[in-house]
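The values are calculated or read from the model by the stated rules, or taken from the named source; none is laboratory data. All figures in this text were calculated on a predicted structure; none of them were measured in a lab. All Cβ positions, even for glycine, are placed from backbone atoms using ideal geometry, and neighbour counts span all protein chains on display. Each accessible area value is taken on the protein alone, full model and side chains, heavy atoms only, with ligands, DNA and RNA left out. Shrake-Rupley method; radii C 1.70, N 1.55, O 1.52, S 1.80 Å.
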Amino acid sequence: MQKVYHDMNEVCVKTAEWFVAEANKAIAKQGKFTVALSGGATPRQLFMELAKAEWQKQMDWSKVIVFWGDERFVAPTDAQSNQKMARETLLDHVPIAKKNIIPVPFLATAELSAKQYEVELKQIFSDLPQFDLILLGLGADGHTASLFPGSRALKEKIRWVCPSQPKTGGPERITLTYPVINNGALVCFLVTGAEKAAIVKEILEATPGSEEYPAQRIQPTSGNLMWMLDRAAASALKRGY
Ligand code: 6PG
């Protein structure tokens, strides 16, 4: 399903409303809500929105368990850390128990960090994890989480978590793999800004034989896929926004 809102602010307010509703549904059904967060500019604003008292009072953060869909291989205090961003914008401001925050560990290598995160996930989920919600962003090159075009991580069928190196440089990453992301109950792309319009069109209006981008292979096997866009990001779509 695609939803197009006026601007990034409206995307974040509507996504916050939806996030709270989905959290409440999951908590009513199974006593907890598991969510994998992402990094990026739009999630940052969403997290600040979710930290507001009006949303906080509508959901029970003590029943939320937070994970990350991907992370940079940097210390948790590093400005590029997705964990640090989520803590500063959201997790430090809501009544979530420390034990319910499960960040990607920062060990000697990205490989070790990925392996250890998988071990931690295996202690929590007996089988292939089915997160109630996975938040994703979209890079202008078609990457999502840290599944970059041409990377080995795209081929991973067994591991739940693996390291991944962006060709554009920057720190190595650790990412959930397709088997885990596509097993999500709800998978939601948050995409805003005109610089994403071309790639949004490529992905949502892909034709047979056209180039395949990593984000295109996010197709939940039994869950639902959502795209939350602003008008700028949706502006190249045929339907016109
Ligand atoms: C990250 C994400 C990455 C991101 C996209 C889009 O940690 O940066 O894993 O996949 O979601 O690059 O980022 P923006 O929303 O900031 O453009």
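Placing a pseudo-label 7 Å from each Cα along the Cα-to-Cβ vector at Thr168 and Val13 gives an inter-label distance of 3.0 nm.
Would you mind checking Lys63/Lys115; Lys29/Lys57; Lys115/Lys201; Lys14/Lys201; Lys84/Lys122; Lys155/Lys196 for any pair whose Cα atoms are more than 28 angstrom apart? Mind showing how you got there, number by number?
On the way: Lys63/Lys115 26 Å; Lys29/Lys57 19 Å; Lys115/Lys201 35 Å; Lys14/Lys201 22 Å; Lys84/Lys122 24 Å; Lys155/Lys196 25 Å.
Check vs 28 Å cut-off fails for Lys115/Lys201.
With r as the distance between the Cβ atoms of Asp92 and Leu112 and R0 = 30 Å, compute the FRET efficiency 1/(1 + (r/R0)^6) and round to 0.05. Computed FRET efficiency for Leu112 and Asp92: 0.65.
Based solely on its DSSP helices, what 222 nm [θ] is calculated for the chain when runs of n ≥ 4 H residues each add -39,500 (n - 2.57) and the sum is averaged over all residues, nearest 500 deg cm²/dmol? Before the final figure, lay out each step's value.
Details: 8 runs with 76 residues, N = 241.
Value at 222 nm, helices only, nearest 500: -9000 deg cm²/dmol.
Solvent-accessible area of the chain (1.4 angstrom probe, protein heavy atoms only): carbon and sulfur portion equals 52 percent. Loop exposure criterion: GluC sites (Glu not before Pro), DSSP state outside H, G, I, E and B, at most 15 other Cβ atoms within 10 Å. Applied to the chain, the longest stretch between such sites is 1-204. The residues neighbouring Phe106, those whose beta-carbon lies less than 10 Å from its own, together hold a net charge of -1 under the Lys/Arg +1, Asp/Glu -1 convention. For a test of the definition: using alpha carbon positions, the gyration tensor, and the 1.5 limit on a/c, classify region 166-232 as rounded, prolate or oblate. Cα axes put region 166-232 in the rounded bin. Length gained on full extension, Ala75 to Ser126, computed as 0.36 nm times the residue gap minus the Cα-Cα distance: 15.5 nm.
Ordering Gly170, Leu229, Thr207 by the projection of their Cα atoms onto the charge dipole of region 166-241, which places +1 on the Cβ of Lys and Arg and -1 on the Cβ of Asp and Glu, puts Leu229 at the extreme positive end.
Suppose R0 equals 45 Å. What FRET efficiency, 1/(1 + (r/R0)^6) with r the Cβ-Cβ distance, do Lys99 and Met1 give to the nearest 0.05?
Calculated transfer efficiency: 0.85.
In order along region 157-172, phi translates into HN-Hα couplings of 10, 9, 5, 8, 9, 8, x, 7, 10, x, 5, 7, x, x, x, 4 Hz, rounded to whole numbers, per the Karplus curve 6.51 cos²θ - 1.76 cosθ + 1.60 with θ = phi - 60° and x for Gly and Pro. Taking the DSSP beta bridges with both ends in the chain, the antiparallel portion is around 30 percent.
Calculated on the Cα set of the chain, radius of gyration then Dmax: 16.9, 49 Å.
Of all aspartates and glutamates in the structure, those lying under 19 Å Cα to Cα from Lys3, and not within fewer than 8 positions of it along the same chain, are Glu17, Glu22, Glu49, Glu195, Glu202, Glu205, Asp230. Ligands, DNA and RNA excluded, the heavy atoms of Tyr5 present near 40 Å² of accessible surface to a 1.4 Å solvent probe. Taking all protein chains as shown and a probe of 1.4 angstrom, Arg44 keeps an accessible surface of around 110 Å².
Averaging 1/r across all pairs of distinct Cα atoms in region 67-200 and inverting the result yields a Kirkwood radius of 15.5 Å. Within region 133-148, list the residues whose amide N lies under 20 Å from a label point set 7 Å along Cα→Cβ of Glu212. Those under the cut-off are 138-148. Among residues other than Arg72 with Cβ under 11 Å from its Cβ, the summed charge is -2 (Lys and Arg +1, Asp and Glu -1). Taking the Cα centre of the chain as reference, the dipole from Cβ charges on Lys and Arg (+1) and Asp and Glu (-1) amounts to some 340 debye.
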